[in-house]
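Structure first, commentary second.
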Amino acid sequence: MVTYGVSGCGIMSGMSEESGDVESHLRAALVHRTDIGIAMGLLMERFGVDQDAAFAMVRRMSQVENRKLYDVAAELVATRASPRSLPRHDRV
């Protein structure tokens, strides 16, 4: 007969919490990936650039504004605004 002490239960509950954290991180990554892809598509259409150039534009906006890349992408998607933080020479 196998018995588990308090420490064994703690390990099992810790594993459950850890898998919940992993799941929430994966869900967030999917949302961020989607927003970044849509923002890139908007820039590709608006400026006639390819995927690499569109990603570079989002990355540059992120750096200029000192914000997370996925926050910048989400704002572009939500507002459909022109990328105002890009220096003129970065705009196509």
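The values are calculated or read from the model by the stated rules, or taken from the named source; none is laboratory data. Keep in mind that what you see is a predicted model, and the values were worked out from it rather than measured. Quick reminder, even Gly has a Cβ in these numbers, built from the backbone with ideal geometry, and neighbours come from all protein chains shown.
Looking at the stretch 31-50, can you tell me whether even one residue there is surrounded by 10 or more Cβ atoms within 10 Å (Cβ to Cβ), modelled with pLDDT under 90 and of a type outside the set (Ser, Thr, Tyr)?
yes
Return the pairs, sorted by first residue and then second, in which the second residue is assigned to a helix (DSSP H, G or I) and charged (D, E, K, R), the first residue lies in the stretch 60-79 and is within 17 Å of residue 34 (Cα to Cα) and touching a residue at least 12 places away in the same chain (Cβ under 8 Å), the beta carbons are less than 7 Å apart, and the residues are 6+ apart or on different chains.
Close Cβ pairs (under 7 Å, with a partner that is assigned to a helix (DSSP H, G or I) and charged (D, E, K, R)) amount to 69/59; 70/35; 72/65; 73/35; 74/35; 77/35.
Which one is nearest to residue 81 (Cα to Cα), of the residues in the stretch 44-69 that are assigned to a helix (DSSP H, G or I) and under 12 Å from the mean Cα position of the chain (by Cα)? Explain how you work it out, then say what you get.
We begin by selecting, within the stretch 44-69, every residue assigned to a helix (DSSP H, G or I); these are 44-47, 51-65, 69.
Restricting the remaining residues to those that are under 12 Å from the mean Cα position of the chain (by Cα) gives 58-59, 62, 69.
Values: 58: 13, 59: 16, 62: 15, 69: 16 Å.
Residue satisfying both the conditions and the ranking: 58.
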